[in-house]
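Chemist: Below you will find the structure I want to go over with you.
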Amino acid sequence: MNAADRISRYSSQERANHWMVALLFVLAALSGLALFHPAFFFLSDFFGGGTWDRILHPFLGVLMFLSFLGLMARFWSHNRYTPADREWLKRIGDVLGNREEGLDTGKYNAGQKTLFWVMVVTTILLLISGVIIWQPWFAPYFPIALLRVAVVVHSLSAWVLIAGIFVHIYAAIWVKGTVRAMTRGYVSRAWAKKHHPAWYREIGK
Amino acid sequence: MASQSLDIARRSATTTQPPNVRGDVPKVAKLIDISKCIGCKACQAACMEWNDYRDKVGTCNGTYNNPPDLDADQWTVMRFTEYEPEGGKLEWLIRKDGCMHCADPGCLKACPAPGAIVQYGNGIVDFHEEHCIGCGYCITGCPFDIPRLSKKDGKAYKCTLCSDRVAVGLEPACIKSCPTGALVFGTKDDMIHHAEGRIADLNSRGFAQAALYDPKGVGGTHVMYVLPHGDKPEIYDRLPKDPGISPWVSVWKGVTKPILGLGLGVIALGGFIHYVTKGPNEADDEDAKEDKHERR
Ligand code: SF4
Ligand code: SF4
């Protein structure tokens with residue numbers, strides 16, 4: 001692709017921040033799944049065994065949250081819903097069927113925005129519930145009845161987050177040219193015009 | 001462990017059958033007859049001696065509860081309550097607290113570490129600290145607030161019902177030390193039978209509500225009480241009236257685990273199917289041409 005056909009989508013800081021969160025997410029998710037179901041317990045071997053898994057998981061989670069704060073600050077304002085998003089949601093069937101013509105999508109579509117807010121909410125819930133059940137530092141200061149609620153909140157929000165990330169990864173594979181936006185920072189003009197026409201016009205100005 | 005390793009009914013975080021070649025072995029139980037206990041704490045001392053732990057020396061909190069609570073280094077404590085029934089009387093209630101060895105143990109259900117908690121065929125629930133990862137989930141699972149994480153090694157500890165002694169045909173150390181016969185040990189059937197005799201005796205002495213505490217909410221327990229006030233277990237230092245594994249723990253460990261694990265698989269499969277049926281979404285030459293056109 002020659003330079004004239006490119007549009008810059010993510011700065012190098014944004015990319016670095018994104019991949020920092022992604023790496024910490026993978027580590028936190030794998031070490032967390034190990035504690036969630038016996039079928040995943042073998043994952044603790046990648047972290048040095050069950051006890052190390054238990055020790056490391058909360059620190060990985062807190063680091064993930066802190067680096068996600070960076071993404072939140074960077075992308076917050078781009079993720080406010082607009083009237084065009086309602087149209088997008090209405091035509092979700094067309095979108096999944098690769099018939100998105102006529103949708104006037106901005107920098108992010110309603111699916112991406114929803115995912116962003118899902119991540120904001122779940123990481124905050126994970127942080128709060130995670131601190132409450134964090135042994136041996138914080139858990140002893142909370143009543144057992146609260147610990148029971150917190151583990152349920154923690155595993156449900158973790159599940160929603162992991163499921164959301166699955167969708168996020170799949171969407172990037174499905175819509176060709178998307179991964180490059182986060183690895184190299186640019187997309188093709190054709191990509192922008194097809195998937196994010198309102199953003200394309202804004203940038204083109 | 002020893003010979004008991006052949007008789008494991010349940011094992012934490014394990015989805016296959018644990019070693020159980022001998023099948024049915026008789027269930028055992030400890031019976032604590034509160035009406036006979038004089039609060040001498042011989043059992044507390046015997047537990048320390050046999051299991052060889054020493055809690056740090058604490059301070060007196062103004063009651064006979066000493067030490068005031070269970071700990072990783074204190075697997076049984078006597079809890080004293082001054083109870084005033086109607087008519088200006090005073091009763092001094094003494095309850096020996098410790099693991100109840102539930103038939104349906106919440107600690108085992110909650111534990112994520114394979115083999116850190118086992119339930120032997122005879123009903124004893126035992127922690128195997130060498131497999132414990134120190135997460136404290138057992139604390140959230142237990143309806144009786146029993147397990148404690150050690151500050152020294154980060155592992156969870158509680159009463160073993162002297163599984164090492166029972167395995168070789170001895171009674172638990174506390175039973176051996178009790179001077180009044182308030183503690184007895186045997187098969188669960190025998191202990192229920194013994195309790196019936198004690199309850200009949202208490203009934204004849206004016207304790208009409210005397211009852212056996214073997215709560216059904218946890219499938220019954222392998223440590224049971226004879227309670228003179230059987231209708232009011234909570235007066236014995238908050239002994240729960242109707243204990244059971246918390247619904248939160250059941251949701252977390254019951255439905256959530258399989259459904260959520262499956263859910264992730266379904267989403268991954270859904271993505272794959274979508275890709276092979278609908279195909280990728282690509283910006284093509286047409287889009288590029290339009291773009292060129294607009295740029296002009
Ligand atoms: S009393 Fe608590 S620690 Fe003991 S077996 Fe029951 S659930 Fe486990
Ligand atoms: S602290 Fe140990 S025994 Fe308790 S749930 Fe965690 S791994 Fe199991």
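Chemist: Please go through segment A:10-47 and pick out each residue that is away from every other protein chain (no Cβ under 11 Å) and not in a helix (DSSP H, G or I).
Modeler: A:10, A:11
Chemist: Let me ask something else. Considering only segment B:32-77, state which residues are assigned to a loop (DSSP other than H, G, I, E, B), among the acidic types (Asp, Glu) and surrounded by fewer than 17 Cβ atoms within 10 Å (Cβ to Cβ).
Modeler: Hits for segment B:32-77 are B:52, B:55, B:69.
The rows are residues; the columns are (1) within 30 Å of residue A:130 (Cβ to Cβ); (2) in contact (Cβ under 8 Å) with a residue 60 or more places away in the chain; (3) hydrophobic (A, V, I, L, M, F, W, C); (4) buried (at least 18 other Cβ atoms within 10 Å of the Cβ).
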| residue | (1), (2), (3), (4) |
| --- | --- |
| A:15 | yes, yes, no, no |
| A:27 | yes, no, yes, yes |
| A:30 | yes, no, yes, no |
| A:73 | yes, no, yes, no |
| A:77 | yes, no, no, no |
| A:83 | no, no, no, no |
| A:88 | no, no, yes, yes |
| A:97 | no, no, no, no |
| A:113 | yes, no, no, yes |
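Chemist: Would you pick out the residues in segment B:84-117 that are within 13 Å of ligand 2 (Cβ to nearest atom) and away from chain A (no Cβ under 14 Å)?
Modeler: Residues satisfying the conditions are B:99, B:105.
Chemist: Does residue B:208 fit the bill of being free of Cβ contacts under 8 Å to residues at least 60 places away in the same chain, within 20 Å of residue A:33 (Cβ to Cβ) and hydrophobic (A, V, I, L, M, F, W, C)?
Modeler: Taking the combined requirement at face value, the residue does not satisfy it.
Chemist: Moving to a separate point now. Here is a list: B:263, B:279, B:254, B:220. Which entry is more than 20 Å from residue B:78 (Cβ to Cβ) and assigned by TED's automatic domain parsing to the domain that holds residue B:30?
Modeler: B:220
Chemist: Check every one of the helices (runs of 4 or more DSSP H) wholly within segment A:162-205 and list those with 3 or more residues that are in contact (Cβ under 8 Å) with a residue 12 or more places away in the chain, buried (at least 16 other Cβ atoms within 10 Å of the Cβ) and at the interface with chain B (Cβ under 8 Å from one of its Cβ atoms).
Modeler: Counting at least 3 such residues, we get A:189-195.
Chemist: If the requirement is being of a type in the set (Lys, Arg), in contact with a strand residue (DSSP E or B) (Cβ under 6 Å, 6 or more places away or on another chain) and more than 18 Å from residue B:128 (Cα to Cα), which of these qualifies: B:27, B:41, B:56?
Modeler: Matching residue, one of B:27, B:41, B:56: B:41.
Chemist: Further, regarding this structure: Go through (1) modelled with pLDDT of 95 or more; (2) surrounded by 16 or more Cβ atoms within 10 Å (Cβ to Cβ); (3) more than 7 Å from chain B (Cβ to nearest Cβ); (4) part of a loop (DSSP other than H, G, I, E, B) one by one and return the number of the condition residue A:135 breaks.
Modeler: Checking residue A:135 against (1) modelled with pLDDT of 95 or more; (2) surrounded by 16 or more Cβ atoms within 10 Å (Cβ to Cβ); (3) more than 7 Å from chain B (Cβ to nearest Cβ); (4) part of a loop (DSSP other than H, G, I, E, B), the one that fails is (3).
Chemist: Just to be sure before I move on: is residue A:42 touching a Leu at 6+ places or on another chain (Cβ under 7 Å) and farther than 30 Å from residue A:112 by Cα in the structure I sent?
Modeler: When the stated conditions are applied, residue A:42 does not pass them.
Chemist: Being surrounded by 10 or more Cβ atoms within 10 Å (Cβ to Cβ) and more than 8 Å from every other protein chain (Cβ to nearest Cβ) is the filter; apply it to segment B:274-296 and report the residue that is modelled with the highest pLDDT.
Modeler: Filtering segment B:274-296 for residues that are surrounded by 10 or more Cβ atoms within 10 Å (Cβ to Cβ) and more than 8 Å from every other protein chain (Cβ to nearest Cβ), the one modelled with the highest pLDDT comes out as B:289.
The values are calculated or read from the model by the stated rules, or taken from the named source; none is laboratory data. If you're wondering where the values come from, they're calculated on a predicted model, not measured in any experiment. Neighbour counts are summed over all protein chains in view; Cβ atoms, including those assigned to glycine, are modelled from backbone coordinates with ideal geometry.
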